[in-house]
Structure formats: structure tokens, C-alpha cells
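Sending over a structure as C-alpha cells; questions will come in a sec.
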Amino acid sequence: NTQPGLPLPDTPSIVVLPFVNLSGDPTQEYFSDGVTEEITATLSRVAGLFVIARTSAFSYKGKAVKVQDISREMGVRYVLEGSVQKADGQVRIIAQLIDATTGKHLWSERYDRPLQNIFALQDEIRQQITLALQVRLTPEEPGRVQSPSITNLDAYDVYLRGREAFWRALYKNDPMTPARQLFEQAIALDPQYAEAYAYIGGTYLFDWFFDPGRNQGQSLKKAVAMGQRAITLNETLPLPHAILATVYVWNKQHEQALVEARRAVTLDPNFADGYFHLGTVLYFAGLADESIEAHEQAIRLDPKHPDLYLLHLAVSYRIAGRYQEALAFGKQFAARHPDYLPGHVHLALCYGDLDQRKDARAEGAEILRLNPAFNLTVFERLWPMKDPAIMERSLAALRKAGLK
């Protein structure tokens, strides 16, 4: 394969491949996936590491791929792989760290522990990896990077099932209700379960995102309540800060949104979705160049990222006046998602700004095909652009697209 690879970062870089479920029971897949995610999360919060996001890592699930190819595609030097076996209250984890540029095994270990020690075990694996890669923690990191100290294993089990349902719903654009119900079960078993509250907030945020008219904004209010509850229980969780940032910006509370978005990526310097949310907040705040940087970092951390990353990067380019890139990424997104309204709004804005009226009107027609009730009064009320000059320029562009 002669395709050029992504350049290696300056810091030690790693992807955690999905650990193989060796239980002999396919229904235990959620558990091996959960262990993979927890180890990824603890590594991700170490500022001295560059850690590839879950989305990209799980694209290799169940596939036989050479580590050298993974290194090139992800732009990382190291690969962590392993297996999980859970039975009769015991768990066995085998983990091995590989220098993917050479194929050399740097470290491997087999752990046999009681299931109740799963969190300490995940921390131990993280410590072994940072030691092997000679990465030192900063003074504030030890408390931040540790796995959650959950005492109720039943709650943890239901929570992992909820996460599996969450990711399945997200990538298939299915309802979030089954995932939310599992997280609610976890909280019923352990009312102090901060991570479960955070993910419930996430389910409400995605409900709103894919159907903004649902419940007259009740989903956003519930997302805030769940995010705030999670932070009250554990301020060091990055996800609820990212959720609150998104809600605040759509409520036009730009300064609060920036504080929360920056907090999320401070707590987890490898949080691809965190940089995505930060980039979105920044372009609504009118900080286009910073927004481009944040979105490019999200894409670098998650090379096989969700397509939505492309659209938001395109919006950042438009705000910055870089129309060639704004159109290129916008067209790429619209070709993959022809019925996603914001993609056509973005293209209409670009063509309107450039006074390319024929193309602008074609996009305006697509907007009205997808939403016959679309109008500029509602757009101006809902679109949370802080700078009045950018808002006025946008409304002028949409008028050129034939919208009223």
C-alpha cells in the first residue's frame, strides 16, 4: 500500500484497538468494548500522549489489519491490542503494546482478577503503558486520569450496555430511548453514577440535534439538567462540559459556552468530540481561525470521523472567508447526506456570499424541498451567531438564494 500516511505527532501516539471478546458468548461483546473504551479514556486524559478516538479505533473491530497499516492510516506509532474474558465473577485481560512502525512487541501482560477490581486493573494497564512510553504525568493529572471508582458492579454492567446502545443509535441515527433507559437503570442502582448522568445528557442533546422541534426545546433543558448533575458529582468528566457548551451556545450564552468547551478539552486533551464542540462554539462566537484549528484537531484525533465534522469545518472556513475550502468540504458533505438541511443552508450561504445566484437558488430550492416552512425570521431567531455583522451578511446571502 503506497498511500501516504498521516505524520506522526511529536508526542508518543497510540490507538487502542477493540479488545477481543474471548468469553465464547457474543452477548458479552458490550463488556469487552466497554473495557476498551475505559482504557482509551484513561489514556486520553494524559496530556503527554496523543490518543486516537473511539470512532476510528473501532473501525478496525473484527478486521485483520497489519499494525503497520494502522500506524499509517491513523498516524500513530503505537498500537495497544488485547482480549477480555469474563466468567464467574472473574475477569482475564491480556494486553500487548506494539511499536507499529516496526511490529516489535514492547510490553505484554496477562491479568487475572476478581471482577470487582476491574477499575483498578484498567488504571494499572494505563500506568504500565505510560511507563513503557516514558510519559510523566503532570501534578494535577493523577486524580483526573483514574478510572471511576464505581462500587456497584450491576450498575456498571447496565451502564456498559447503555453505552453500547448509545453508539449503535448514534451511528444508525436510531432513537436514543433504549440507551437512555439503560443509563436510567444504572442510576436507579447507583444514584451517584456521574458518567450515567452525563450520557443521559448526551442522549437528550442528540435527540434535540436531529430533531430541534421536538418537545419545544425540552430535550435541551433536560440535557442541561443531566450535565449539571454529572458535574456536581464529578467535575473532572469532560463529556458533560462539552454538552453544556453546546446547549449554552444555542441559547446564545457565548461566554459560558466557551468556558465549558475549553474546560472539556483541558480535562481530556485528546477528546475529539470535545474539539468538535469547541470549534462549533468558536465559530458562533465569531472566532473563525481558532474554530478551524479546533475542528482540524478533532479530525486529526479521529481520522475516520463522523461526516458532521466536515460540515462544521466547512462552516468555520466560510466564517473566515475561505470560500474554496468552505465549498469543497460543504459539497463533500452534501453529496453523502443530500437530505440533511444544514448542509444545504451552508452551501446557500457560501454561494450567496460569492454572489453566485444560480447556485445559491438551487440550494435555496433544496432547503425548501426539505423544509417548506423555512424562513429568515426563524433562522435569525434561532441561529446563535454573536456578531451582528456576520448575521446580516448571512441573511443577505440567503435572500440571494431566494429565501424570505
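The values are calculated or read from the model by the stated rules, or taken from the named source; none is laboratory data. Only a predicted model underlies this, so the values are computations on that prediction, with no experimental measurement involved. No Cβ is skipped: glycine too gets one built from the backbone with ideal geometry, and neighbour counts run over all protein chains shown.
If Leu137 meets every condition in (1) hydrophobic (A, V, I, L, M, F, W, C); (2) at pLDDT below 90; (3) in a helix (DSSP H, G or I) apart from one, which number is that one?
(3)
What are the residues in segment 92-124 that are closer than 20 Å to Met74 by Cβ and in contact with a helix residue (DSSP H, G or I) (Cβ under 7 Å, 6 or more places away or on another chain), if any?
Ala95, Leu97, Ile98, Ala100, Thr101, Gly103, Leu106, Trp107
Here's the yes/no breakdown for (1) at pLDDT 95 or above; (2) in the same structural domain as Pro372 (by TED's automatic domain parsing); (3) surrounded by fewer than 16 Cβ atoms within 10 Å (Cβ to Cβ); (4) of a type in the set (A, V, I, L, M, F, W, C):
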site: Leu278; (1), (2), (3), (4): yes, no, no, yes
site: Leu282; (1), (2), (3), (4): yes, no, no, yes
site: Arg300; (1), (2), (3), (4): yes, no, no, no
site: Ser316; (1), (2), (3), (4): yes, yes, no, no
site: Ala326; (1), (2), (3), (4): yes, yes, no, yes
site: Gln332; (1), (2), (3), (4): yes, yes, yes, no
site: Tyr340; (1), (2), (3), (4): no, yes, no, no
site: Ala348; (1), (2), (3), (4): yes, yes, no, yes
site: Asp359; (1), (2), (3), (4): yes, yes, no, no
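For residues that are modelled with pLDDT of 90 or more and among the small types (Gly, Ala, Ser), scanning just segment 203-243, find the one that is farthest from Ala257 (Cα to Cα).
Ala230
Would a scan of segment 210-218 turn up a residue that is part of a helix (DSSP H, G or I) and surrounded by 24 or more Cβ atoms within 10 Å (Cβ to Cβ)?
No, segment 210-218 contains no residue that is part of a helix (DSSP H, G or I) and surrounded by 24 or more Cβ atoms within 10 Å (Cβ to Cβ).
A further question follows. Does segment 300-326 hold any residues that are in contact (Cβ under 8 Å) with a residue 24 or more places away in the chain and of a type in the set (A, V, I, L, M), and which are they?
Result: Leu301, Leu308, Leu311, Leu313, Ala314, Val315, Ile319, Ala320, Ala326.
Which residue is farthest from Tyr199 (Cα to Cα), if the candidates are limited to segment 16-35 and must be surrounded by fewer than 24 Cβ atoms within 10 Å (Cβ to Cβ) and β-branched (Val, Ile, Thr)?
It comes out as Val20.
Let me ask something else about it. Can you tell me which condition Gln127 does not meet? The list is (1) at pLDDT below 85; (2) surrounded by fewer than 18 Cβ atoms within 10 Å (Cβ to Cβ), and all the others hold.
So the condition that Gln127 fails would be (1).
Still on this structure, please answer the following. In segment 55-90, which residue that is among the charged types (D, E, K, R) and touching a residue at least 40 places away in the same chain (Cβ under 8 Å) is nearest to Leu301 (Cα to Cα)?
Glu73
Turning to a different aspect of this structure: Please give the number of the condition Asp69 fails out of (1) in a strand (DSSP E or B); (2) surrounded by fewer than 21 Cβ atoms within 10 Å (Cβ to Cβ).
Only one criterion is unmet by Asp69, namely (1).
Please determine whether any residue of segment 14-35 is in contact (Cβ under 8 Å) with a residue 12 or more places away in the chain, under 18 Å from the mean Cα position of the chain (by Cα) and in a loop (DSSP other than H, G, I, E, B).
Scanning segment 14-35 turns up at least one residue that is in contact (Cβ under 8 Å) with a residue 12 or more places away in the chain, under 18 Å from the mean Cα position of the chain (by Cα) and in a loop (DSSP other than H, G, I, E, B).
Which one is nearest to the chain's Cα centre (by Cα), of the residues in segment 171-193 that are surrounded by 17 or more Cβ atoms within 10 Å (Cβ to Cβ) and touching a residue at least 40 places away in the same chain (Cβ under 8 Å)?
Tyr193
If you check Leu239 against the conditions, is it touching a residue at least 40 places away in the same chain (Cβ under 8 Å), crowded, with 20+ Cβ neighbours inside 10 Å and either among the hydrophobic types (A, V, I, L, M, F, W, C) or farther than 30 Å from Arg72 by Cβ (or both)?
yes
State which residue pairs qualify: first residue in a strand (DSSP E or B) and inside segment 91-107, second residue among the polar types (S, T, N, Q) in any location, beta carbons under 6 Å apart, and separation of 6 or more residues or different chains.
Note: pairs meeting the criteria are Arg92/Gln85; Ile94/Ser83; Gln96/Ser108; His105/Gln96.
Wholly within segment 285-404, which helices (runs of 4 or more DSSP H) include no fewer than the required count, namely at least 1 residues that are among the aromatic types (Phe, Trp, Tyr)?
308-319, 323-336, 341-353, 376-382
Let me ask something additional. Just one of the numbered conditions (1) modelled with pLDDT of 95 or more; (2) closer than 23 Å to Ile52 by Cβ is not true of Asp273; which one?
So the condition that Asp273 fails would be (1).
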